[in-house]
Amino acid sequence: MADSLYDRYMKASAAYRVHVKACSRCSPPVARCTAGRELHTSFVRLQDAYLARLRRS
């Protein structure tokens with residue numbers, strides 16, 4: 001079964017947090033390495049989609 005939008009949003013959030021803790025080049029919100037930017041973009045996109053779905057319900 002596919003993960004729900006909420007599950008994907010939470011996994012993206014967790015992946016981003018883990019990355020930021022381990023990456024010496026990331027210092028949000030000012031600077032992010034390439035991988036950090038991609039993880040953050042994914043997290044933001046899923047968060048926006050999830051919140052938009054909540055507003056519609």
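What follows draws every value from the coordinates through simple rules; no lab data is involved. Owing to the predicted nature of the structure, the values given are computational and were not obtained by experimental measurement.
Calculation over all alpha carbon pairs of the chain in 5 angstrom steps from 0 returns a P(r) of 4, 21, 26, 20, 14, 9, 5, 1, 0 percent. Taking 0.36 nm per residue of sequence separation and removing the Cα-Cα distance, the residue 52/residue 24 pair yields an extension gain of 6.8 nm.
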